[in-house]
Amino acid sequence: MPKFDRPWYAFELLEGTYTKGEIGKVTAKDGDPGANGEVTYSLRSKDSSEVPFNVDSKTGMIFVEGQVDRETRPKFSFLAVARDKGNPPMESVIDVDVNILDVSGVTFTYANRLT
């Protein structure tokens, strides 16, 4: 059975519009030999709401696609699924939270150097 390397995942993301922007990676290991130990990843909603995220089924890298706005939705919560290729296949599920950061609240520091 696949086992994730931590009890849950939390990521932060600046609000904005994205085209396949990487936000982080989930990782699970399965100690079974051969194909039984190969792990694939998918995402599942906790409820019926859609999320602008997808996952690379082989690497576990989570991507954001489309627009996220902190004022509309400050946090996304969904599930990551790790499934092995055993017969029958076994899976583990873990919580993933993505906190959306407000761009207008970000302070930038500029260095102005005259030479």
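The values are calculated or read from the model by the stated rules, or taken from the named source; none is laboratory data. Bear in mind that the values here come from a model prediction, so they are computed numbers and not experimental data. As a convention, Cβ positions derive from the backbone with ideal geometry for all residues, glycine included, and neighbour counts pool all protein chains shown.
Answer yes or no as to whether Ser92 is free of Cβ contacts under 8 Å to residues at least 12 places away in the same chain, not basic (Lys, Arg) and not in a loop (DSSP other than H, G, I, E, B). In short, no. Checking each residue in the range 32-59 for being in contact (Cβ under 8 Å) with a residue 24 or more places away in the chain and within 13 Å of Asp84 (Cα to Cα) picks out Asp32, Ala35, Asn36, Gly37, Glu38, Val39, Thr40, Tyr41, Ser42. Number of residues in the range 1-29 that are over 19 Å from Asp69 (Cα atoms), touching a Gly at 6+ places or on another chain (Cβ under 7 Å) and touching a residue at least 60 places away in the same chain (Cβ under 8 Å): the value is 2.
Select, from Gly60, Gly34, the only residue that is at positive phi and modelled with pLDDT under 95.
Gly34
Suppose we filter Val64, Val51, Val81 for residues that are outside any strand (DSSP E or B), of a type in the set (A, V, I, L, M, F, W, C) and in contact with a Phe, Trp or Tyr (Cβ under 9 Å, 6 or more places away or on another chain); which single one remains? Reasoning before the result, please.
Numbers: Val64 fails: outside any strand (DSSP E or B); Val81 fails: outside any strand (DSSP E or B).
Step by step, each of Val64, Val51, Val81 is checked, and only Val51 is outside any strand (DSSP E or B), of a type in the set (A, V, I, L, M, F, W, C) and in contact with a Phe, Trp or Tyr (Cβ under 9 Å, 6 or more places away or on another chain).
Residue count for the range 31-52 satisfying the condition of being farther than 15 Å from Ile94 by Cα and either within 14 Å of the chain's Cα centre (by Cα) or not hydrophobic (A, V, I, L, M, F, W, C) (or both): 12.
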